[in-house]
Amino acid sequence: GERLDFRTSKQRLLVVANRLPVSAVRHGEDSWQLEMSVGGLVTALLGVKEFDTRWIGWAGVNVPDEIGQKALAKALDEKRCIPVFLDEEVVHQYYNGYCNNILWPLFHYIGLPQEDRLATTRSFQSQFDAYKKANQLFADVVNEHYEEGDVVWCHDYHLMFLPKCLKERNSKMKVGWFLHTPFPSSEIHRMLPSRLELLRSVLAADLVGFHTYDYARHFVSACTRILGLEGTPEGVEDQGKLTRIAAFPVGIDSERFIKALELPEVQDHMKVLKQRFAGRKVMLGVDRLDMIKGIPQKILAFEKFLEENPNWRNKVVLLQIAVPTRTDVPEYQKLTSQVHEIVGRINGRFGSLTAVPIHHLDRSLDFHELCALYAVTDVALVTSLRDGMNLVSYEYVACQESKKGVLILSEFAGAAQSLGAGAILVNPWNVTEVASSIGYALNMPADEREKRHHHNFKHVISHTAQEWASTFVSELNVTIVEAQLRTRQ
Ligand code: ADP
Ligand code: F6P
């Protein structure tokens, strides 16, 4: 069909995601402080500028009182954000429970929780009910703010039920859904008790997008094998209705990072870091403190490297910046103590009175500190056990034009498909392999570093977040025009 370019006009875009780009902290009955949220979804969507965008989502706090809700809605309005208020019980069952204890581990191949079967069945159902209820609340807010012609772009595993809720209320609404995590093999998705309902609901969208072709293929297989529908090269067909399914790999706002390196405050941070670690090579890890990031595996590989290379002890340091996340979910609490224990043991083993091999921080860094760290470090270590894309690897590459540091990247991150040729790809489960890759990276000659970096840099600056969003939205518009033409025929 005819390709229409909708990129030139400023289209109204309603972005619907569980997490708003800012999270609120209460400072009194009607006063709120807004802090930047952390995560790949927020980073990507903040890089999208060409649309007339409003965000709809949860501000990360429970606000039971009307005065507080009004005040927060007003504060958020200045950021073009619209809050969805979720009460504590819903957050517990929907966000901590169904989203982060069931869907998240399942989509990252960790599996379903292994508690007592009967208890799981009961709590599973109530968590799924809360999930559906939360999705209905998001749909209510979308409806309230929707204007004819808007594009409604739903995001991530928190909102798989939303396309159906929206289309049931208004079948003309243009609805897209994008998944920021992997979509697992259909053999994994099959395990989910609510597998049918979730697939059907996602298929209510006009366009469904994934980071990689593999995730899209897994989704189509799930629809054909589990729902018995027909897969076509365009997507999935159900009783004459086509849902378009395609890959849209996300990127970052690379210019924002590159420009930040010139700022005096970033240069100051860089100076301090260079002095602090003079004479040592510096390796960097930046992650949410999540089980999918393979942080224990990364640290154990670093230990193995020190064990096998005594000449490197005191000459290399690992900075692991791990911001706590989803701290009400027990698995995440266990991970924090596990990581602390390993770091303590290794520092005790290889540290001296004046230096330790691992600096582990449980916090987030502000943008300027983060850019400085990306720019001055010699090697970045991304060891995700599974990861939808992993934007940290993109950010590192964007900041390395002068140093040309090495990226060690898990083959299980979506980014391995785009940065694979420039990075050293590793299997994070293989501690020996990661340890030897660390040695390879630290010893890599300058010309090889330059070649690898150049390859990745070219990719990162030419596949931006803006391009990702424009492509998705324009594809959604085209899909709808084509569907209209088909029904008229
Ligand atoms: P995920 O979406 O799973 O968190 P990504 O790597 O795609 O993984 O995105 C993480 C985003 O969060 C990046 O933009 C990164 O800069 C940011 N981030 C992660 N950890 C930290 C941290 N400790 N301090 C500041 N920002 C962080
Ligand atoms: O990008 C993956 C992701 O799960 C986002 O969906 C989410 O916003 C982010 O990580 C951070 O997690 P949370 O919103 O649970 O703090």
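The values are calculated or read from the model by the stated rules, or taken from the named source; none is laboratory data. Predicted model only: the values in this text are computed from it and were never measured. Note: ideal-geometry Cβ built from the backbone for every residue, glycine included; neighbour counts use all protein chains shown. Each accessible area value is taken on the protein alone, full model and side chains, heavy atoms only, with ligands, DNA and RNA left out. Shrake-Rupley method; radii C 1.70, N 1.55, O 1.52, S 1.80 Å.
Conditions tested, residue by residue: (1) surrounded by fewer than 20 Cβ atoms within 10 Å (Cβ to Cβ); (2) within 25 Å of the chain's Cα centre (by Cα); (3) away from ligand 1 (no atom under 16 Å from the Cβ).
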| site | (1), (2), (3) |
| --- | --- |
| Pro264 | yes, no, yes |
| Gln267 | yes, no, yes |
| Arg288 | yes, yes, no |
| Phe305 | no, no, yes |
| Pro324 | yes, yes, no |
Inset, instruction - Please determine, by comparing only the residues of the range 368-380 that are in contact with a strand residue (DSSP E or B) (Cβ under 8 Å, 6 or more places away or on another chain) and of a type outside the set (D, E, K, R), which one is farthest from ligand 2 (Cβ to nearest atom). - result: Val376
Legend entry - Number of the condition not met by Val379 [criteria: (1) buried (at least 22 other Cβ atoms within 10 Å of the Cβ); (2) within 16 Å of ligand 1 (Cβ to nearest atom)]: (2)
Legend entry - Candidate set: the range 381-419, residues that are in contact (Cβ under 8 Å) with a residue 40 or more places away in the chain and charged (D, E, K, R); chosen: the one nearest to ligand 2 (Cβ to nearest atom): Asp387
Inset, instruction - Filter the range 250-262 down to residues that are under 30 Å from Ala216 (Cβ atoms) and open to solvent by 90 Å² or more (accessible area, probe 1.4 Å), then give me how many there are. - result: 2
Inset, instruction - For the range 455-473, indicate whether the set of residues that are away from ligand 1 (no atom under 14 Å from the Cβ), open to solvent by less than 10 Å² (accessible area, probe 1.4 Å) and over 20 Å from the mean Cα position of the chain (by Cα) is non-empty. - result: no
Inset, instruction - With the condition kept exactly as written, say whether any residue in the range 415-434 is open to solvent by less than 30 Å² (accessible area, probe 1.4 Å), within 18 Å of Gly39 (Cβ to Cβ) and either in a loop (DSSP other than H, G, I, E, B) or at pLDDT 95 or above (or both). - result: yes
Legend entry - Residue, farthest from Leu385 (Cα to Cα), within the range 249-288, restricted to residues that are assigned to a loop (DSSP other than H, G, I, E, B) and among the β-branched types (Val, Ile, Thr): Ile252
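Quick grid of which residues meet (1) β-branched (Val, Ile, Thr); (2) within 15 Å of ligand 2 (Cβ to nearest atom); (3) open to solvent by 40 Å² or more (accessible area, probe 1.4 Å):
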residue	(1), (2), (3)
Gln11	no, no, no
Arg26	no, no, yes
Glu29	no, no, yes
Ser37	no, yes, no
Ala44	no, yes, no
Lys70	no, no, yes
Legend entry - Options Val329, Val316; residue that is under 28 Å from the mean Cα position of the chain (by Cα) and either within 16 Å of ligand 2 (Cβ to nearest atom) or crowded, with 20+ Cβ neighbours inside 10 Å (or both): Val329
Inset, instruction - For residues that are within 16 Å of ligand 1 (Cβ to nearest atom) and among the hydroxyl-bearing types (Ser, Thr, Tyr), scanning just the range 10-53, find the one that is farthest from Val473 (Cα to Cα). - result: Ser23
